[in-house]
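Please read through the structure below; I'll follow up with questions.
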Amino acid sequence: MSKMNISKYLANLFLWALCITWIIPVIFGISTSLRTQSEIVQSGFRLFPAEWRLENYVTILGNTSTAPIMRWLFNSVFIASLHTFLVIVVISLTGYGYARMKFKGRDTLFFTLLGISFFPGVVNIIPSYKIIDIFGWVNTSLAMIIPGLAGMGNIFLVRQFLKGIPHELDESARVDGAGDFRIYASIILPLIKPVLIVCGLFSFVGSWNDFLWPVIVYTDVDKMPITAGLLLLQDIYGNYRMIGQLMGSAIIAIIPTLLLFAFAQKYFIQSINLNSGIKG
């Protein structure tokens, strides 16, 4: 067996091991949500339930007062979708400015902001909360949508991708009388679609899975996203009395992101080469 075949075999073995490591907890979580409470508390490990039941999901969806999970799900979809759309607008414009427009201190400003972005996010929690409190955004969707729109990681990816697009396209458009915004909207924006898809996926999932920030800024149960709601469910369904409902709620919470990656996987794989631009 050649070294190449051995390397391929080991890589496949590692990927299968990684896949199994990730998939078993998900399967066990789904099966737990389909068990009765009496079966859950029994000793011993069983991957699949002895009797498949939907009563946990019926209970979850029927609770519209103390734990309105469908309302939380709608809130998360609205917040994550609008946040992602605004992220794409902001990072595409900012990336264009840093890559194509010339102004004094451009690179110094960019790398200074990039360096600041390496600080842990928890450092900004208190000042961020003070800012949204001043604007009156506490307990509103704006507290989740606006912060983080200009993430330097996403801007860096867009800027690097733009470096692979020839400047001759801009110059030809300027000869025809196009301004910066016309060049951005008509020429650059269609060409950077691959990297925007990648950044959009990361932004949606990041907003959807954000846990600490929504717990801090929300107190109204009906306005919470699903992540903050799951923490509330630990008090309602905790103490090992209603584990099936708690697990079922977690499964419902991951369905939208699973569907997103299922439908966007092709675009994600096609877009993963962020340094290619249109060269070659």
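The values are calculated or read from the model by the stated rules, or taken from the named source; none is laboratory data. What you see is a predicted model, and the numbers here were worked out from it, not measured in a lab. Because the Cβ atoms are built from the backbone with ideal geometry, glycine has one as well, and the counts that use them run over all protein chains shown. For the accessible areas, the whole protein counts, side chains as well, though only heavy atoms, and no ligand, DNA or RNA atoms are used. Shrake-Rupley method; radii C 1.70, N 1.55, O 1.52, S 1.80 Å.
Towards the positive end of the charge dipole of the chain, with charges on Cβ (+1 Lys, Arg; -1 Asp, Glu), say which of ILE134, VAL41, PHE28 has the farthest Cα.
PHE28
Using the per-residue mean of other Cβ atoms lying within 10 Å as a proxy for protection, in what order, highest first, do the peptides 152-164, 12-24, 252-264 fall?
The densest-packed peptide leads the list: 152-164, 252-264, 12-24.
How many angstrom separate the Cα center of region 71-113 from the Cα center of region 10-42?
Rounded to whole Å, the Cα centres lie 37 Å apart.
Beyond 18 Å between alpha-carbons counts as too far, so tell me which of LYS104/LYS193; LYS193/LYS266; LYS163/LYS193 fall in that bin. Provide the component values of the computation, followed by the final result.
On the way: LYS104/LYS193 28 Å; LYS193/LYS266 14 Å; LYS163/LYS193 14 Å.
Too far apart for the 18 Å limit: LYS104/LYS193.
Still on this model: Hey, which aspartates and glutamates would be in cross-link range of LYS223, C-alpha to C-alpha under 19 Å, not counting anything within fewer than 8 residues on its own chain?
Correct list for LYS223: ASP133, ASP210, ASP235.
Projected onto the charge dipole of the chain (+1 at Lys/Arg Cβ, -1 at Asp/Glu Cβ, origin at the Cα centre), which of LEU191, LEU233, THR219 gives the Cα projection farthest towards the positive end?
In the chain, that residue is LEU191.
Related question: Just need the Rg to Rh number for the chain, please, alpha carbons only, Kirkwood Rh. Working shown, then result.
Numbers: Rg = 23.4 Å, Rh = 22.2 Å.
Expressed as Rg/Rh, it is 1.06.
Right, next: Please check: in the Gaussian network model of the chain (C-alpha springs, under 10 Å), which one of GLN265, GLN245, GLN42 has the largest mean-square fluctuation.
GLN42
Now, a different point. Toward the positive end of the charge dipole of the chain, about the Cα centre and with charges on Cβ (Lys, Arg +1; Asp, Glu -1), which of LEU113, ALA262, GLN160 goes farthest?
Positive-most Cα among the choices belongs to GLN160.
So with the 1.4 Å probe, I'd like the accessible area per residue for region 62-279, rounded to whole Å². Provide the component values of the computation, followed by the final result.
Numbers: 11840 Å² over 218 residues.
Per residue, region 62-279 has an accessible area of 54 Å².
Magnitude of the Cβ-charge dipole of region 120-239, K/R +1 and D/E -1, about the Cα centre, nearest 20 debye? Walk me through the numbers on the way to the answer.
On the way: 7 positive and 10 negative charges, 34 e Å.
Charge dipole, region 120-239, about its Cα centre: 160 debye, nearest 20.
Mind checking the full-extension length gain between LYS8 and ALA185? Use 0.36 nm per residue of separation minus the Cα-Cα distance, one decimal, nm.
Details: separation 177, 0.36 × 177 = 63.72 nm, distance 4.36 nm.
Extra length available between LYS8 and ALA185 comes to 59.4 nm.
Label TRP22 and LYS104 with points 7 Å out from Cα along Cα→Cβ: what is the distance between them in nm?
Inter-label distance under the simple model: 4.9 nm.
Now for a separate question. Tell me what the chain gives for mean residue ellipticity at 222 nm when only DSSP H runs of n ≥ 4 count, each as -39,500 (n - 2.57), the sum divided by the residue total, rounded to 500 deg cm²/dmol.
Value at 222 nm, helices only, nearest 500: -21000 deg cm²/dmol.
OK, next. Grab the other residues whose beta carbon is less than 15 angstrom from that of LEU157, score K and R as +1, D and E as -1, and report the net. Write out the running numbers ahead of the final one.
On the way: positive: ARG159, LYS163, LYS193; negative: none.
Computed value for this residue: +3.
Give, rounded to the nearest 20 debye, the magnitude of the charge dipole that the chain has about its Cα centre when Lys and Arg contribute +1 at Cβ and Asp and Glu contribute -1 at Cβ.
On the way: 20 positive and 14 negative charges, 149 e Å.
Dipole magnitude for the chain comes out near 720 debye.
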